[in-house]
Structure formats: C-alpha cells, structure tokens
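**Q** To start, I am sharing the structure in question, which I have written as structure tokens.
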C-alpha cells in the first residue's frame, strides 16, 4: 500500500476511531506506535487547551484524557476534505450515554511521506 493510501486510510478511519486511535484502552507504547505510523516524530497539536510538540507529549496527553475524561470518545462527523496536503475533519466528542459534549473541526497539515506534521483543532461555540 502506498504512503498516500495509508495516510488516507488512517484519516478516513471509522467514526468511532478517528485517525485509527481507539477512544480508550491503548497502552502508551501502543499509542506511540500508532502515532508513529501516521505522524511525524515532531508533530504539533494545538487546541483551546493544549500546545503539544512531538509524539511523546501527545502520548502523555491522550493518556491523561483517558484518565480524566472517562467515557468521552471522539467521532469523526461527515467526510474529510483534502486539498494540497491540508485536511479538514469535523468531529464530535460524546459521553458514554451518546450525548454530544463538544464539537469542532481539526486542520491537519501533511508533510513528507504524507505523515501528519501538525493538527489544529477549533471547537464550535457551546450553547
């Protein structure tokens, strides 16, 4: 499978497993291995609450999210949009009872080998 097809497949992962990362239960080494397949080692992630640099920080952050927000899972909402190495993906965070807790859009910038270089997530206003 080509790098392009692999990255596209990861970005189009099931709605319950955005980017191929199950919403819970992966050990740190497994999260790191999964991220290493789809993201640059120095990947950057930014959102309203975080400024993370590198896979190691993202692994720690996702572990903390699993611990401090149990039962919350991310789902991709709709289709991704892609142009010239920039991908937009809408998402929804739901509690275990299915209620929407947050939603937004993530902007992925792809680099060499079509690995993710950076992600910026923008949350929608809450009512």
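**Q** Within region 113-127, track down each residue that is assigned to a helix (DSSP H, G or I) and without any contact (Cβ under 8 Å) to a residue 40 or more places away in the chain.
**A** None; the set is empty.
**Q** Okay, next question. Looking only at region 44-83, filter to residues that are exposed (fewer than 13 other Cβ atoms within 10 Å of the Cβ), touching a strand residue (DSSP E or B) at 6+ places or on another chain (Cβ under 6 Å) and without any contact (Cβ under 8 Å) to a residue 24 or more places away in the chain; which one of those is farthest from residue 116 (Cα to Cα)?
**A** In this case the residue turns out to be 78.
**Q** Condition (residue is assigned to a loop (DSSP other than H, G, I, E, B) and in contact (Cβ under 8 Å) with a residue 60 or more places away in the chain) applied to region 86-103: is it met by at least one residue?
**A** Scanning region 86-103 turns up no residue that is assigned to a loop (DSSP other than H, G, I, E, B) and in contact (Cβ under 8 Å) with a residue 60 or more places away in the chain.
Each value in this text was obtained by applying a stated rule to the coordinates, not by laboratory testing. Since this is a predicted model, take the numbers as computed values, not measurements. Quick reminder, even Gly has a Cβ in these numbers, built from the backbone with ideal geometry, and neighbours come from all protein chains shown.
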